[in-house]
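The values are calculated or read from the model by the stated rules, or taken from the named source; none is laboratory data. Please read all numbers here as calculations on a predicted model, not as lab measurements. Neighbour counts run over all protein chains shown; Cβ positions are idealised from the backbone, glycine included. What goes into the accessible areas is simple: the full protein's heavy atoms, side chains included, and nothing from ligands, DNA or RNA. Shrake-Rupley method; radii C 1.70, N 1.55, O 1.52, S 1.80 Å.
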Amino acid sequence: MWLLPSISTLILSGPTVQSSDDNPLSCRVSHGPLGFRSAHVCAHHWVWKGKEAMATTVVLHHVKDYQAWRKVYDEVGPLQREGGVIAESVYQAKGDPNNVLVLHRFATMQAAEAFFANPQLLDALQQAGVEGQPRIEFYEEAR
């Protein structure tokens, strides 16, 4: 059985739209602990053969000092595992090593959303020297 996909994206700006239960393509906007707006487009998640799709998050942020950021990132490994991260990778932009891209993989979208709602994550971002507001996007595995 196929249902409509759910695309969840933390956005930095944009209109606030209220969802309606009878319109699965409506957008519900809420504010998370990181101070970003979380726009959930579509009311349903992919369901395929009784299994929920895996989720991947994309985090793009600028840091004061990559080495200092990396030290904190490595120290919060247990927080990631406890939060459901099953795979992770870190990339630096060509020409700007302080422009960092982080990918996290989760078994479910609910695990990904719960991880980014954890107040300990906000503390870690601040301690790591993240500058400004990171861009955080949520993706579900295509079926």
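Laid out as a table, the results:
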{"item": "Flag for L34 being modelled with pLDDT of 95 or more and either assigned to a strand (DSSP E or B) or touching a Leu at 6+ places or on another chain (Cβ under 7 Å) (or both)", "result": "no"}
{"item": "Matching residues in the range 112-126 - criterion: being more than 10 Å from the chain's Cα centre (by Cα) and surrounded by 15 or more Cβ atoms within 10 Å (Cβ to Cβ)", "result": "N118, L121, L122, A124, L125"}
{"item": "Any hit, the range 41-58, residues being modelled with pLDDT under 50 and open to solvent by less than 40 Å² (accessible area, probe 1.4 Å)", "result": "yes"}
{"item": "Residues of the range 67-92 satisfying the condition of being crowded, with 18+ Cβ neighbours inside 10 Å and of a type in the set (S, T, Y)", "result": "Y73"}
